[in-house]
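To keep things clear, I will list the structure first and then write my remarks on it.
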Amino acid sequence: MSLVATIQLCTYNRAHLLARVLDACFEQDLAADAYEVVLVDDGSSDGTSLVIEAAKARARVPFAVVSQANAGLARARNAGIAASSGARIILIDDDVLPMPNLVAEHLRAAQRNPDLVVRGAVIEVESFDRLPAPFWTPKNYSANWFWTSNVSASRRSLDLVRLGERQWFDETFSEYGWEDIELGLRLREARIRGAFNRNAVAFHYKPKAERIRAVDDVVRQKRAQARTALILEQKHPGWRVRLATGNTKAQRSLHRLGHALHLQRGVDRAASDAYFDELERGS
């Protein structure tokens, strides 16, 4: 039987989550010879290699691993897609736990239109051990059209918009942020249609401990995100992208007003200031 789908994910120093995520990928409600799992280890240094070796022994489906020096998510995604054989590529993250019907629901949604981009439902949780019922509600809404926490596209569509022989994601985005949005924009410009399937559920691990990070780490990430936002604007000029990145006069003015009125405090204030400062510096 040919492979109808690939679950593709990348990992970096998430050994404490990876085993659980991989097991969920292996235990999909689909014939074991119908899909595969392709993992890219983007230079992890925390024992991830041991987790991967143990997972190889448990895998009930084809399981391919690509190991590379840390190069960022865009390059890692490209390495993963290049190693994939499925007709549909389902992209998730290493902190995302797919429900057993995830692959089947992505395939079902694209049954009538094999080139459809399918967005699955993402529900944030603080623990994989205490999961709520796997039902999406508007509380979990995201406006992102192509968000790699839970999205799929046909290999044919991805090949249609690729930038080079092995470059589907734009590797200009070497820092944090926007590489998935950029690929989504190319797919939309190619008139690839999209649909949301609320039954293709995955849980996104977002504990309070990760939300409350060191201010310096948050500031560095937000500055990087602002720099990649400016790259996105250069590649896709227009008001929709400027609005999405926050880089309009109105949004910058609202930020300055909020700063003056102390509407944000602590880490949130530092993050917002860093992001808009870097936007204005690069604009």
Got a sec to turn the phi values of the stretch 126-137 into Karplus ³J(HN,Hα) couplings, 6.51 cos²θ - 1.76 cosθ + 1.60 with θ = phi - 60°, whole Hz, x for Gly and Pro?
-> 8, 7, 7, 8, 10, 8, x, 4, x, 10, 6, 10
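Mind ordering 245-254, 144-153 by average Cβ neighbours within 10 Å, highest first? Before the final figure, lay out each step's value.
Values: 245-254: 14.2, 144-153: 21.9.
The densest-packed peptide leads the list: 144-153, 245-254.
Using 0.36 nm per residue, how much length does the chain from residue 71 to residue 145 gain when fully extended, once their Cα-Cα distance is taken away? Please report the intermediate quantities before stating the final value.
Values: separation 74, 0.36 × 74 = 26.64 nm, distance 2.50 nm.
Once the chain is fully extended between residue 71 and residue 145, it gains 24.1 nm.
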Descending Cα extents along the principal axes, the stretch 99-164, whole Å = 41, 24, 21
Electrostatic dipole magnitude of the stretch 5-209 [Cβ: Lys, Arg +1; Asp, Glu -1; Cα centre; debye, to 20] = 680 debye
Between residue 239 and residue 126, 0.36 nm times their residue separation minus their Cα-Cα distance comes to what?
-> 37.2 nm
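Please compute the length gained on full extension between residue 16 and residue 220, using 0.36 nm multiplied by the number of residues separating them and subtracting their Cα-Cα distance. Kindly include the intermediate steps, with their values, before the conclusion.
Numbers: separation 204, 0.36 × 204 = 73.44 nm, distance 2.39 nm.
Difference between extended and current length: 71.1 nm.
Compute the FRET efficiency between residue 190 and residue 2 as 1/(1 + (r/R0)^6), taking r as their Cβ-Cβ distance and R0 = 30 Å, and round to the nearest 0.05.
0.75
Run through every distinct alpha carbon pair of the stretch 20-62 and return the Kirkwood hydrodynamic radius in angstroms, one decimal place. All intermediate terms of the calculation are to be shown ahead of the outcome.
Working: mean 1/r = 0.0891 Å⁻¹.
About 11.2 Å, per the Kirkwood formula over Cα pairs.
Rounded to the nearest 500, what is the chain's calculated 222 nm mean residue ellipticity when only DSSP H runs of at least 4 contribute -39500 (n - 2.57) each, over all residues? Before the final figure, lay out each step's value.
Numbers: 11 runs with 120 residues, N = 283.
Using -39500 (n - 2.57) per qualifying helix, the result is -13000 deg cm²/dmol.
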Positive end of the charge dipole of the chain (Lys, Arg +1 and Asp, Glu -1 on Cβ, about the Cα centre): tell me which of 63, 49, 79 has its Cα farthest that way.
-> 79
Test item: Cα-centred dipole of the stretch 130-244, Lys/Arg +1 and Asp/Glu -1 on Cβ, debye | 480 debye
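Within 10 Å of each residue's Cβ, count the other Cβ atoms and sort 102, 243 from fewest upward. Spell out each step's value before the answer.
Numbers: 102 30, 243 12.
Listed from fewest to most nearby Cβ atoms, that is 243, 102.
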For residue 206, which lysines qualify as cross-link partners when the Cα separation must be under 20 Å and same-chain residues fewer than eight apart are set aside?
-> 139, 222
The chain: C-alpha pair distances exceeding 36 Å, % = 15 percent
List the trypsin sites (Lys or Arg not before Pro) in the stretch 92-150 that DSSP assigns to loop (not H, G, I, E or B) and whose Cβ has at most 13 other Cβ atoms within 10 Å. Which are they?
-> 112, 130
If you bin every alpha carbon distance in the stretch 1-153 into 10 Å steps from zero, what whole percent lands in each bin?
-> 11, 42, 37, 10, 0
Cα-Cα pairs above 15 Å in the stretch 213-282: how many percent?
-> 53 percent
In whole angstrom, note down how far apart the Cα centers of the stretch 73-104 and the stretch 124-157 are.
-> 13 Å
Convex hull per residue volume in Å³, alpha carbons only, for the stretch 129-173 = 154 Å³
Once phi is turned into θ = phi - 60°, what whole-Hz ³J(HN,Hα) does the Karplus curve with 6.51, -1.76 and 1.60 give for every residue of the stretch 197-205, x standing for Gly and Pro?
-> 10, 5, 8, 8, 9, 9, 9, 9, 6
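Every number here is computed from the coordinates shown, using simple stated rules; none is lab data. This is a predicted model, so every value here is computed, not measured. Every residue, glycine as well, gets a Cβ built from its backbone with ideal geometry; the counts of neighbours run over all protein chains shown.
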